[in-house]
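**Q** My questions will all concern the structure given below.
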Amino acid sequence: MRILLVEDDPGVREALELGLSLEGHEVRSAEGPKEAMELLPWAEAVVLDLLLPEGDGFSLLREIRARSEVPVLILSALEGVEWRVKGLREGADDYLVKPYSLQELLARLEALLRRARRRDEVLAYKDLRLYPRRMEAFRGERRLALSPKAFLLLKAFLEAPEEVLSKEALMLRVWGEAVEPATLEVHLSALRKALGEPSPIQTVRGHGYRLFLP
C-alpha cells in the first residue's frame, strides 16, 4: 500500500515511517499542506495529523476531499468526541486517537483500502485506464507519473473519448476558470510526454483537442 503520512513531529513521523515500511508498505511523508497536495496523486491512503504548522489539518482535509476520494485516516491527540465527529463530517474515513497500536492502525488502513477498491470506478479507453478515487492512471501496465493538473486533463479526455474539447472547456474542467492559454499548453505538453508514443491526444486546429487512438 502507498501511504502518504502528513505529520510535522519528526519523532512520530520517523517511527511511523519505519513501522509501516517494515510491514511492507511504501511510505512518503509531508510536513505540511503544500507538500501533501503535491504527493496526493501518488497515495492509496492518507494518514493525517490535525495539528500542522501551516494551517490546520481540517483545512487540508477539505482540500484533499475537493480533489480526491482517497481514504483518509486522521491520527490525532485530540480525543474528544467533538473532534472525532468533526473529522468524520469533514470527510475523513476513520479517526484514531494517539497513543495507538501500529497493528490497529494497519488493520484500519487495510479495511479502508478494501472498501475503496470495491467501490472504485474506472475510466478506460483503449490501453488507458484512470481511477479517479485513487488518483491513479495507467497506459497498459505502466503507471503514469502525472501532476494533479495533468491528471485532471486526462480525466477530462477520458470522460469524453474521441470528442473534441475546446481550450475553454478544458480550462473550466481543470482550473474552474479561464487561464492563460500558455498555462494549458504547458500541462498538455507534460501529459503528452507522460503518455508516450503513439500520442493519444490530437490537436484539432481551430477547435481544440481530442483523445483518439486508432
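**Q** For segment 8-56, which residues satisfy the criterion of being out of contact with any strand residue (DSSP E or B) (no Cβ under 7 Å at 6 or more places or on another chain) and of a type in the set (Asp, Glu)?
**A** ASP8, ASP9, GLU14, GLU23, GLU31, GLU35, GLU38, GLU54, ASP56
**Q** Shifting gears a bit: Can you tell me how many residues in segment 147-193 are in contact (Cβ under 8 Å) with a residue 12 or more places away in the chain and in contact with a helix residue (DSSP H, G or I) (Cβ under 7 Å, 6 or more places away or on another chain)?
**A** Here the count works out to 21.
**Q** Taking the condition polar (S, T, N, Q), under 30 Å from ARG173 (Cα atoms), surrounded by 17 or more Cβ atoms within 10 Å (Cβ to Cβ) and touching a Lys or Arg at 6+ places or on another chain (Cβ under 7 Å), does SER76 pass?
**A** For SER76, the condition - polar (S, T, N, Q), under 30 Å from ARG173 (Cα atoms), surrounded by 17 or more Cβ atoms within 10 Å (Cβ to Cβ) and touching a Lys or Arg at 6+ places or on another chain (Cβ under 7 Å) - is not met.
**Q** Please work out if ILE3 is over 14 Å from the mean Cα position of the chain (by Cα), in a strand (DSSP E or B) and touching a residue at least 12 places away in the same chain (Cβ under 8 Å).
**A** Spelling it out, it is not the case that ILE3 is over 14 Å from the mean Cα position of the chain (by Cα), in a strand (DSSP E or B) and touching a residue at least 12 places away in the same chain (Cβ under 8 Å).
**Q** I'm checking my understanding of the structure. Among residues of segment 155-184 that are under 20 Å from ARG67 (Cα atoms) and of a type in the set (Asp, Glu), which one is surrounded by the fewest Cβ atoms within 10 Å (Cβ to Cβ)?
**A** GLU177
**Q** Out of everything in segment 23-37 that is free of Cβ contacts under 8 Å to residues at least 24 places away in the same chain and assigned to a helix (DSSP H, G or I), what residue ends up being surrounded by the most Cβ atoms within 10 Å (Cβ to Cβ)?
**A** GLU35
**Q** Collect the residues in segment 107-135 that are touching a residue at least 40 places away in the same chain (Cβ under 8 Å) and of a type in the set (Asp, Glu), keeping them in residue-number order.
**A** Matches in segment 107-135: GLU110, ASP127.
**Q** In addition: Here's a check for you: in segment 121-135, which residue that is touching a strand residue (DSSP E or B) at 6+ places or on another chain (Cβ under 8 Å) and modelled with pLDDT under 90 is surrounded by the fewest Cβ atoms within 10 Å (Cβ to Cβ)?
**A** Applying the filter and picking the extreme gives GLU121.
The values are calculated or read from the model by the stated rules, or taken from the named source; none is laboratory data. None of these values were measured; they are calculated from a predicted model. When we count neighbours, we look across all protein chains shown, and the Cβ atoms used for this are built from the backbone with ideal geometry, even at glycine.
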